[in-house]
Amino acid sequence: MPRTTSPRRLLPGRLPFGRRLALPAAALGIVLAVTGCQQVQTTEAADPGTREDISTAPIGDATIVEGGDLVMALSAEPDRLDPTTSSSLYTRYVMETMCQKLYDIDAEGDIVPMLATELPDVSDDGLTVTFPVRTDAVFADGTPLDAEAVVTTIQRGLEKEDSSRRSELGPITAVTAVDDATVEVTYSEPFAPLTAALADRAGMIMSPTALAAAGDSFGDAPVCVGPYKFVERVPQTSITVERDPGYYDAESAHFDTITYRIITDASIRAANLQSGDVQVADSMSTQDVGTLRDDDSLTVLEVGSLGYQGLTVNIGNQDGVGTDPVQIDTPLASDATIRQALSMSIDRQALVDTVFGGLYDPACSPISPSSPYATDASDACPETDPEAAKQMLEDAGVTTPLAIDMQVSNNPDTVRFAQALQAQVAEGGFELTITPVEYSTLLDVQTEGDFEALQLGWSGRIDPNGNMYNFLATGAGNNYSGYSDAEVDELLGDAAASTDVDERADLYGQVVEKVQEDAPIIYLYRVRSLTALSNDIAGVSTYADGVVRLSDAAFVEAS
């Protein structure tokens, strides 16, 4: 059991760009109301049955215009461009064009080879995994891609002190190059999620030459295999990549350069798109998407998400992610009943209908209902009962309203949602104070544990292990709550070691039931990825992992 200690002092004033928002008491009595100076959206909810995924704007028979400089409006600044340590979805956008992976997913969510040439071969006992790698690729610095380079990347993920990939790769005992084109991974026990992990950042292969030269500074100027290569980064402004003539499939890359311009306000992204100053923009606001759909010069891609948005409660993350959890001695952190009451105060469906016009979906677990691992247990939502929640607080001896500080990303949509949540949970006896924080700073805050509660999301992975283990297993790389439960650890380990889908689904369902009881993360909703682009370009895709793919895109002649 984690030891009890004095509560960690939370200092919102330490956070750059942070400010606190509190609503007057009268406003808190209205569940979904006008809050502050911003009005909570009350558009008619969309019918989920009418929402069709549009994942790609295909080139088809359009005539490609070679060259040109593409500008994509990025809704938040990526963290460091290092596949081993990064945790931001927006980093994955940029890396997609210049750091290819061993595997990828397609529009249907199936895993397909990328730098590997075939899916892995697994021994009968599940302890040895082998896969072949391309022999025709070179890194952007001219270093050949081979099995040894793959080994170097995987070992870095396992050994680097601040690696976020270690727990994603499982109980590896050895990684070796059998020959120039074959990698062998040995496990102490079977690990089913490996291929899915290698279809994400753990499978982004880095130049061993660049790693040797740059070390921990690799992310300042990353060198990988991809259709584009890194040029420069202007902090808080832009990241630029250029076409790599040494890429093994150079004819598929059509732009001269791609510039990712940081534009955090969704309405400004929309305006820049409509004016032609940018050609692609991610994460469009649900308030703007109707207007964008009606614009004949634009296309809107709409795709459901494997991920979630949630409220993380700091239970024991006093010394930073990856350290031993140390129990925080506050009512919210130390008493699961109080966290359950907070969850029971939330009407998720009403929130997504009101704030997001029904374009998003409520979420009650880290497993998407569309996943083959979904079960009744993972789909079930905690009961919404604010009166019972308030009684639970009183029974626990808590004086109401119980004050909670929640840090959120400082974009308008997130703040609107936070204000509606603030009004809802007041009905259950909670006084939520909102502290908006710049996104990249918020990533540091959750890693360091400088928060009481924090609202952020996860873009989602096709294997539930990628949505759960890193966030819920004791000491795992994204366990920002400092949660530790031996039963959950065992269930997650058993699920990863099984190759039977039904067995894994049942085990993950048991994890969800336990996590809903303990509530270190209170799951809230699932976004739909809303990506808008000019009809002057085509070949842009976005899949259920949330990543906007530009590698095969091009300017095209108007039809």
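The values are calculated or read from the model by the stated rules, or taken from the named source; none is laboratory data. Remember, predicted model here, so these are calculated numbers, not experimental data. Note: ideal-geometry Cβ built from the backbone for every residue, glycine included; neighbour counts use all protein chains shown.
Need pairs with beta-carbon distance below 6 Å; first residue on the phi > 0 side of the Ramachandran plot and within region 56-72, second surrounded by 18 or more Cβ atoms within 10 Å (Cβ to Cβ) and of a type outside the set (S, T, N, Q); sequence gap 6+ or separate chains.
Close Cβ pairs satisfying both conditions: Gly68/Phe255; Gly68/Phe555.
Identify all residues within region 428-462 that are modelled with pLDDT under 95 and assigned to a loop (DSSP other than H, G, I, E, B); write none if there are none.
Within region 428-462, Glu438, Ser459, Gly460, Arg461, Ile462 qualify.
Give me a count of the residues in region 210-220 that are in contact (Cβ under 8 Å) with a residue 40 or more places away in the chain and either buried (at least 16 other Cβ atoms within 10 Å of the Cβ) or in contact with a strand residue (DSSP E or B) (Cβ under 6 Å, 6 or more places away or on another chain) (or both).
4
Could you run through region 234-258 and say how many residues are surrounded by fewer than 21 Cβ atoms within 10 Å (Cβ to Cβ) and not acidic (Asp, Glu)?
Matching residues across region 234-258 total 13.
Of the numbered conditions (1) surrounded by fewer than 22 Cβ atoms within 10 Å (Cβ to Cβ); (2) touching a residue at least 40 places away in the same chain (Cβ under 8 Å); (3) among the charged types (D, E, K, R), Asp489 fails exactly one; give the number of that condition.
The single condition Asp489 does not satisfy is (2).
Mind listing whichever residues of region 147-164 are of a type outside the set (Asp, Glu) and in a helix (DSSP H, G or I)?
Ala147, Ala149, Val150, Val151, Thr152, Thr153, Ile154, Gln155, Arg156, Gly157, Leu158
What are the residues in region 420-444 that are surrounded by fewer than 22 Cβ atoms within 10 Å (Cβ to Cβ) and out of contact with any helix residue (DSSP H, G or I) (no Cβ under 7 Å at 6 or more places or on another chain), if any?
Glu431, Thr433, Glu438, Ser440, Thr441, Asp444
Only one residue in Asp121, Asp79 is touching an Asp or Glu at 6+ places or on another chain (Cβ under 9 Å) and of a type in the set (Asp, Glu). Which one?
Within the list Asp121, Asp79, the selection yields Asp79.
Could you count how many residues in region 38-59 are loosely packed, with under 13 Cβ neighbours inside 10 Å and modelled with pLDDT of 95 or more?
Summing the residues that are loosely packed, with under 13 Cβ neighbours inside 10 Å and modelled with pLDDT of 95 or more in region 38-59 gives 1.
Would you be able to tell me the number of residues in region 531-554 that are assigned to a loop (DSSP other than H, G, I, E, B) and either under 28 Å from Gln309 (Cα atoms) or β-branched (Val, Ile, Thr) (or both)?
The total comes to 7.
Given region 251-343, what helices (runs of 4 or more DSSP H) lie entirely inside it while holding 2 or more residues that are farther than 23 Å from Ala544 by Cβ and of a type outside the set (Val, Ile, Thr)? Spell out how you get there, then give the answer.
Details: elements: 266-275, 289-293, 331-334.
So the answer is 266-275, 331-334.
Only residues that are surrounded by fewer than 16 Cβ atoms within 10 Å (Cβ to Cβ) and polar (S, T, N, Q): list them for region 144-161, please.
Gln155
Cβ-Cβ below 6 Å, separation at least six or inter-chain, first residue in region 383-397 and among the β-branched types (Val, Ile, Thr), second in a loop (DSSP other than H, G, I, E, B): which pairs?
Thr384/Asp347
Free of Cβ contacts under 8 Å to residues at least 40 places away in the same chain, part of a loop (DSSP other than H, G, I, E, B) and surrounded by fewer than 23 Cβ atoms within 10 Å (Cβ to Cβ), is that true of Glu77?
Here the answer is no, as Glu77 does not meet what is asked.
Just checking, how many residues over region 453-486 are buried (at least 24 other Cβ atoms within 10 Å of the Cβ) and of a type in the set (Ser, Thr, Tyr)?
Qualifying residue count, region 453-486: 4.
Mind checking whether some residue in region 517-529 is among the aliphatic types (A, V, I, L, M), part of a strand (DSSP E or B) and more than 24 Å from Arg348 (Cβ to Cβ)?
So the first thing to find is which residues in region 517-529 are among the aliphatic types (A, V, I, L, M), and the list is 519, 521-522, 524, 527.
Adding the requirement that they be part of a strand (DSSP E or B) leaves 521-522, 524.
Subset that is more than 24 Å from Arg348 (Cβ to Cβ): none.
The answer is no; no qualifying residue exists.
Could you identify the single residue in Phe139, Phe131 that is touching a Leu at 6+ places or on another chain (Cβ under 9 Å), over 18 Å from Ile462 (Cβ atoms) and modelled with pLDDT of 95 or more?
So the residue among Phe139, Phe131 that is touching a Leu at 6+ places or on another chain (Cβ under 9 Å), over 18 Å from Ile462 (Cβ atoms) and modelled with pLDDT of 95 or more is Phe139.
Pick out the one residue from Ala374, Ala350, Ala388 that is buried (at least 17 other Cβ atoms within 10 Å of the Cβ) and either among the charged types (D, E, K, R) or at pLDDT 95 or above (or both). Walk me through how you get there before you give the answer.
On the way: Ala350 fails: buried (at least 17 other Cβ atoms within 10 Å of the Cβ); Ala388 fails: buried (at least 17 other Cβ atoms within 10 Å of the Cβ).
The unique qualifying residue is Ala374.
Right, Val112: out of contact with any Ser or Thr (no Cβ under 9 Å at 6 or more places or on another chain) and under 28 Å from Asp256 (Cα atoms) or not?
In short, yes.
Residues Leu332, Leu342, Leu301, Leu292: which one is closer than 26 Å to Glu66 by Cβ and buried (at least 18 other Cβ atoms within 10 Å of the Cβ)?
Leu301
On the basis of being under 18 Å from Ala453 (Cβ atoms), at pLDDT below 95 and under 20 Å from the mean Cα position of the chain (by Cα), does Val321 make the cut?
Judged against the criteria, Val321 is a match.
Can you tell me which residue among Leu351, Leu402, Leu393 is under 28 Å from Ser459 (Cα atoms) and of a type outside the set (Ser, Thr, Tyr)?
After ruling out the rest, the residue left standing is Leu351.
Return a yes/no flag: does region 307-314 have any residue that is modelled with pLDDT under 95, closer than 17 Å to Ser365 by Cβ and not charged (D, E, K, R).
For region 307-314, residues modelled with pLDDT under 95, closer than 17 Å to Ser365 by Cβ and not charged (D, E, K, R): present.
Among Val408, Val398, Val425, which is assigned to a helix (DSSP H, G or I) and either closer than 19 Å to Val355 by Cβ or not acidic (Asp, Glu) (or both)?
Val425
Consider region 99-121. How many of its residues are closer than 25 Å to Ala495 by Cα, out of contact with any helix residue (DSSP H, G or I) (no Cβ under 8 Å at 6 or more places or on another chain) and touching a residue at least 24 places away in the same chain (Cβ under 8 Å)? Even if it seems obvious, please write down each step before you answer.
First pass over region 99-121, keeping only residues closer than 25 Å to Ala495 by Cα: 101-106, 108-113, 118-121.
Cutting the leftovers down to out of contact with any helix residue (DSSP H, G or I) (no Cβ under 8 Å at 6 or more places or on another chain) gives us 104-106, 108-110, 112-113, 118, 121.
Now drop any that are not touching a residue at least 24 places away in the same chain (Cβ under 8 Å), which leaves 104-106, 109.
Selection size over region 99-121: 4.
Mind telling me which of the residues Gln309, Gln274, Gln327, Gln287 ends up being surrounded by fewer than 22 Cβ atoms within 10 Å (Cβ to Cβ), over 16 Å from Glu448 (Cβ atoms) and in contact with a Pro (Cβ under 7 Å, 6 or more places away or on another chain)?
Being surrounded by fewer than 22 Cβ atoms within 10 Å (Cβ to Cβ), over 16 Å from Glu448 (Cβ atoms) and in contact with a Pro (Cβ under 7 Å, 6 or more places away or on another chain) holds for just one of Gln309, Gln274, Gln327, Gln287, which is Gln327.
Among the residues of region 344-355, are any of a type outside the set (A, V, I, L, M, F, W, C), farther than 12 Å from Val527 by Cα, touching a Pro at 6+ places or on another chain (Cβ under 9 Å) and free of Cβ contacts under 8 Å to residues at least 24 places away in the same chain?
yes
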